[in-house]
């Protein structure tokens, strides 16, 4: 392998949660009188979390969040934590194919409970622990700042220049590029429309892949 370590984003890279989550947002907003398609929601909100996420929805609405928004999100989160979400095609097989001694980490904007629960559903939590890092916990500045990737690299004991980061969202790619790592823009999830890979390349990703087979070829 060309690199000494790998850092994975989580939602949209290993887990099909970007599409699932943005479909819930689109369905909810449409039902309360603010029509938006899943594709539009992905274009507006993909990769965002916390206040950045809610601020983006309020900008799109042109008003404050509806009173029932957070309750609807919590209900959906509880459902998918119980039931699980499918893996991005080829993700589990790719992770399981990695050499056991290859340093690897997850660097995600999601909560640790979310990441760990879904890794358990996918059966690959043991492939990453203890190197599971959340922008909500481990750094004060989340994506698109590079801090979370730099934190993960330091924890792995690998120079960031020797690491490849696999990211799927514009926000994530921006932060990964700023870290100084080699960035692969992944367009393998169901949330990635035509032109998504090209968009990530324009943001500075050094390579793009539309499948984990292509990721493996880039890393070889």
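The values are calculated or read from the model by the stated rules, or taken from the named source; none is laboratory data. Because the structure is predicted, anything quoted here is derived from the model rather than measured. Positions of Cβ are generated from backbone atoms using ideal geometry, with glycine treated the same way; all protein chains shown enter the neighbour counts.
Under the condition of being at pLDDT 95 or above and outside any helix (DSSP H, G or I), which residue from region 169-181 is surrounded by the fewest Cβ atoms within 10 Å (Cβ to Cβ)?
If we take residues in region 169-181 being at pLDDT 95 or above and outside any helix (DSSP H, G or I), then 180 is surrounded by the fewest Cβ atoms within 10 Å (Cβ to Cβ).
Find the residue count for region 106-131, including only residues that are over 13 Å from the mean Cα position of the chain (by Cα) and not in a helix (DSSP H, G or I).
6
State all residues of region 201-214 that are crowded, with 18+ Cβ neighbours inside 10 Å and closer than 20 Å to residue 171 by Cβ; if no residue qualifies, say none.
203, 205, 207, 208, 209
I'm checking my understanding of the structure. Among residues of region 132-151 that are touching a residue at least 40 places away in the same chain (Cβ under 8 Å) and within 15 Å of the chain's Cα centre (by Cα), which one is surrounded by the fewest Cβ atoms within 10 Å (Cβ to Cβ)?
Among residues in region 132-151 that are touching a residue at least 40 places away in the same chain (Cβ under 8 Å) and within 15 Å of the chain's Cα centre (by Cα), the one surrounded by the fewest Cβ atoms within 10 Å (Cβ to Cβ) is 136.
Do we have residue 21 as in the same structural domain as residue 150 (by TED's automatic domain parsing) and in contact with a helix residue (DSSP H, G or I) (Cβ under 9 Å, 6 or more places away or on another chain) here?
No; evaluated as a whole, the condition is false for this residue.
Taking the residues in region 119-130 that are touching a helix residue (DSSP H, G or I) at 6+ places or on another chain (Cβ under 6 Å) and under 23 Å from residue 209 (Cβ atoms) as candidates, determine which candidate is surrounded by the most Cβ atoms within 10 Å (Cβ to Cβ).
119
Each row is one residue, and each column tells you yes or no for (1) in the same structural domain as residue 137 (by TED's automatic domain parsing); (2) on the phi > 0 side of the Ramachandran plot; (3) at pLDDT 95 or above.
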| position | (1), (2), (3) |
| --- | --- |
| 74 | no, no, no |
| 79 | no, no, no |
| 93 | yes, no, yes |
| 96 | yes, no, yes |
| 101 | yes, no, yes |
| 105 | yes, no, yes |
| 109 | yes, no, no |
| 114 | yes, no, no |
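Let's see how each residue does on (1) exposed (fewer than 13 other Cβ atoms within 10 Å of the Cβ); (2) at pLDDT 90 or above:
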| residue | (1), (2) |
| --- | --- |
| 33 | yes, yes |
| 41 | no, yes |
| 48 | no, no |
| 52 | no, no |
| 56 | no, yes |
| 60 | no, yes |
| 63 | yes, yes |
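Report, by residue number, each residue of region 106-118 that is touching a helix residue (DSSP H, G or I) at 6+ places or on another chain (Cβ under 7 Å) and closer than 15 Å to residue 88 by Cβ.
Listed by number, the residues that qualify are 106, 108.
Yes or no: residue 162 at pLDDT 95 or above, over 30 Å from residue 27 (Cα atoms) and touching a strand residue (DSSP E or B) at 6+ places or on another chain (Cβ under 7 Å)?
In short, yes.
Could you identify the single residue in 145, 181 that is outside the structural domain of residue 79 (by TED's automatic domain parsing) and in contact with a strand residue (DSSP E or B) (Cβ under 7 Å, 6 or more places away or on another chain)?
Result of the check over 145, 181: 181.
What number of residues within region 4-51 satisfy the criterion of being under 21 Å from the mean Cα position of the chain (by Cα) and not in a helix (DSSP H, G or I)?
Final tally of qualifying residues: 17.
What do you reckon, is residue 188 in contact (Cβ under 8 Å) with a residue 40 or more places away in the chain and part of a loop (DSSP other than H, G, I, E, B)?
So residue 188 passes the test.
Just a yes or no: is a residue in region 127-137 at pLDDT below 95 and touching a strand residue (DSSP E or B) at 6+ places or on another chain (Cβ under 8 Å)?
Yes: region 127-137 contains one or more residues that are at pLDDT below 95 and touching a strand residue (DSSP E or B) at 6+ places or on another chain (Cβ under 8 Å).
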